[in-house]
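Structure first, commentary second.
The values are calculated or read from the model by the stated rules, or taken from the named source; none is laboratory data. Note that the coordinates shown come from a computational prediction; the quantities given were computed from them, not determined experimentally. For neighbour counting, all protein chains shown are included, and Cβ atoms are generated from backbone atoms with ideal geometry for every residue, glycine included.
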Amino acid sequence: MSDTLHRKKESVFLSERTMAAACIFVVAAGLAQMVLCALERDTFTVFECLIKLISAVSMYLAFRYYKWDVAKGLTGGVLFCLMYQEAYLVLDRLWGAGDFDVYLTVGVQGSIYLAACGMSFLMTVIITINHFFINYAPHGNPKDVILNRIALAFKFAVYLLLFAANGQMGFSRAVLWKNAAQYLTDIALLLLLVAIESQFDSFKALRQELLQLKRERRSGT
């Protein structure tokens with residue numbers, strides 16, 4: 001009976017293969033982005049991408065070998081990395097450096113791209129804050145879990161907008177491919193984060209079930 005209940009609580013992301021595939025995809029897309037950035041001599045983005053790759057692989061290995069606290073810490077670190085990356089893009093490069101006007105002159109697709117960048121940054125902020133409520137609050141908060149899932153679903157939809165707008169803009173192929181590689185890396189990274197956070201939720205539920213069984217056995221004796 002408890003087996004059936006536990007299965008009902010499980011997420012579709014609880015597959016080890018899904019986690020491994022997401023981690024491999026992060027590495028593949030991240031390496032492609034690094035090569036394209038290195039060709040453009042964009043050393044800052046190369047460094048940023050390297051940090052993301054190391055954090056993602058470390059996070060997967062930590063979870064794989066049951067270092068729960070390390071995996072949780074790295075999950076938060078990766079989210080902060082994504083948040084900083086998007087803040088740098090939106091606040092410094094697009095608005096601060098005057099690229100905002102460049103995108104507006106492109107037309108509708110440029111405006112969609114700017115709006116999607118802003119929404120993506122906002123969603124990452126919400127997801128990061130909720131991550132800490134979900135994983136570090138004394139009793140957790142089911143409302144935060146639901147809100148986080150909604151924010152993640154919205155963020156994936158925004159990434160599709162970014163892909164579509166990016167492909168329609170008349171920039172050089174190198175820039176378009178570099179942007180596409182970044183979006184693919186971040187999508188795979190988010191899938192890995194969802195998979196790991198889903199496992200945390202499931203292990204919390206399993207732990208409660210085991211504690212309940214332990215109490216029942218003690219009261220029975």
* Structure fact -> Subset of the stretch 34-53, residues among the basic types (Lys, Arg), over 13 Å from Lys178 (Cβ atoms) and surrounded by fewer than 17 Cβ atoms within 10 Å (Cβ to Cβ), comes to none
* Looking only at the stretch 112-125, decide whether some residue is among the aliphatic types (A, V, I, L, M), modelled with pLDDT of 85 or more and in contact with a Lys or Arg (Cβ under 7 Å, 6 or more places away or on another chain). => yes
* To do: Filter the stretch 161-210 down to the residues that are acidic (Asp, Glu) and modelled with pLDDT under 75, then identify the one that is surrounded by the most Cβ atoms within 10 Å (Cβ to Cβ).
  => Asp201
* Does the stretch 58-74 contain any residue that is of a type in the set (Asp, Glu), farther than 19 Å from Ala151 by Cβ and in a helix (DSSP H, G or I)? -> yes
* Structure fact -> Of Leu31, Leu74, the only residue that is more than 19 Å from Tyr183 (Cα to Cα) and touching a residue at least 12 places away in the same chain (Cβ under 8 Å) is Leu74
* Kindly establish whether Ser15 is touching a Ser or Thr at 6+ places or on another chain (Cβ under 6 Å), modelled with pLDDT under 80 and of a type in the set (S, T, N, Q). => no
* Structure fact -> Scanning the stretch 54-82 residue by residue, those surrounded by fewer than 17 Cβ atoms within 10 Å (Cβ to Cβ) and under 15 Å from Ser120 (Cα atoms) turn out to be Phe80
